[in-house]
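Enquirer: Right, I'll just put the structure down here and ask away after.
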Amino acid sequence: LHVTSNETIGGTRFPELPSVDVPLVSDMSSDFLSREIDWGSHDLVYGGAQKNLGPAGLAIVVVRKDRLSSHGRSLSPYLDYATHDSNDSMANTPPMFAIYVMGKVLRWMKDEGGLPAFEQRAAKRASMLYDTIDESNGWYSCPVEETSRSHMNIVFRLPDEDLEKRFVIEAAAAGMVNLKGHRSVGGIRASVYNALPLASVETLVDFMAEFRSTNS
């Protein structure tokens, strides 16, 4: 079973990953190292580094040893994880700069309290935004069921699209950019990955309150 632990466009996540009797593979590109992982229930976890770990161009793969050669297919050596395992992840020239930056990020995370601290920060950032949405008496609305709301990508709507366009423009003028929702769904999307300080969310929450007061 392949799952995506956190879906960035719709702003959803698995609060608990499913317990299944088949191999479980998780794409954790957008919430890797933002919460604890039950390694015992997974056969393979993978993800791009560009959300929480470093620049684009680097992928992380964690796979059980007994799954490395159990796929039962004839693969090109480069596409076979066993090749990379037997070559210490250097079957080809590795992306050194991306690895260097990831190392710096991991050291910073460790110094900041490690995974427990970042899981708490993620929950705090998300709760501040969701509370602002839920306490607006429907002026802001989140289309995601409360139990499935992402802690990385908070999506919400305003009463109409004209207000959403104005929200994005005025937020950008105030120094908050890239808040426009994905082109396939519209609305507003605040991506609050590990590196985002709590002060940035506080600024956005204050802006949301002021914008609502001005435009209600």
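Enquirer: So which trypsin sites (Lys or Arg not before Pro) in segment 39-93 pass both tests, a DSSP loop state and at most 12 other Cβ atoms within 10 Å of the Cβ?
Expert: Loop-located and lightly packed - Arg73.
Enquirer: Sort Val45, Val61, Val205 so the one with the fewest other Cβ atoms within 10 Å of its own Cβ comes first.
Expert: Val61, Val205, Val45
Enquirer: Average the reciprocal distances over every distinct pair of alpha-carbons in segment 85-164, invert the result, and give the Kirkwood radius in Å.
Expert: 16.1
Enquirer: Could you work out the longest stretch of the chain that avoids the GluC sites (Glu not before Pro) located in DSSP loops with at most 11 other Cβ atoms within 10 Å?
Expert: Between exposed loop sites, the widest span is 37-111.
Enquirer: Taking only Cα atoms, what is the 0 to 90° angle, nearest 10, from helix 114-134's long axis to the longest principal axis of the chain?
Expert: Computed tilt is about 30 degrees.
Enquirer: Now, a different point. Nearest 10 degrees is fine. How inclined is helix 96-111 to the longest principal axis of the chain, computing both from alpha carbons?
Expert: Helix 96-111 and the main axis of the chain meet at about 70 degrees.
Enquirer: With both bridge residues required to lie in the chain, what share of the DSSP beta bridges run antiparallel, to the nearest 5%?
Expert: 70
Enquirer: Normalised by the residues of the chain, what does the relative contact order come to in percent, with Cα pairs under 8 Å and at least six apart?
Expert: 20
Enquirer: What number results when the radius of gyration of segment 165-212, computed over Cα atoms, is divided by 2.2 N^0.38 Å?
Expert: Relative to the 2.2 N^0.38 Å estimate, segment 165-212 comes out at 1.13.
Enquirer: On C-alpha positions alone, give me the angle between the axis of helix 161-173 and the longest principal axis of the chain, in degrees, nearest 10.
Expert: So the helix axis and the longest Cα principal axis differ by about 80 degrees.
Enquirer: Would you mind calculating the relative contact order of segment 1-52 from Cα pairs under 8 angstrom and at least 6 residues apart, reporting the percent as a whole number?
Expert: 37
Enquirer: How high is the relative contact order of segment 2-111? Use alpha-carbon pairs under 8 Å, at least six apart in sequence, and give a whole percent.
Expert: RCO, segment 2-111: 19 percent.
Enquirer: Of (1) 61, 37, 31; (2) 55, 35, 31; (3) 55, 32, 25, which is the value of Cα extents along the principal axes in Å derived from the coordinates here?
Expert: Here the calculated entry is (1).
Enquirer: Which order do Met176, Met152, Met90 fall in if you start with the one that has the fewest other Cβ atoms within 10 Å?
Expert: The order, fewest Cβ neighbours first, is Met90, Met176, Met152.
Enquirer: Let me test this: with uniform point scatterers at the alpha carbons of segment 2-111, what is the Debye-based log₁₀ I(q)/I(0) at q = 0.10 1/Å?
Expert: Debye output, listed in q order: -0.33.
Enquirer: What is the set of long-range amide H partners of Thr12 at a cut-off below 5 Å, with H atoms built 1.01 Å from backbone N?
Expert: Amide H neighbours of Thr12: Glu7, Ser150.
Each reported figure results from applying straightforward, stated rules to the coordinates on display, with no laboratory input. Fair warning: this is a prediction, and the values are worked out from it, not measured in the lab. Heads up, the Cβs are rebuilt from the backbone with ideal geometry, glycines too, and the neighbour counts pull from every protein chain shown.
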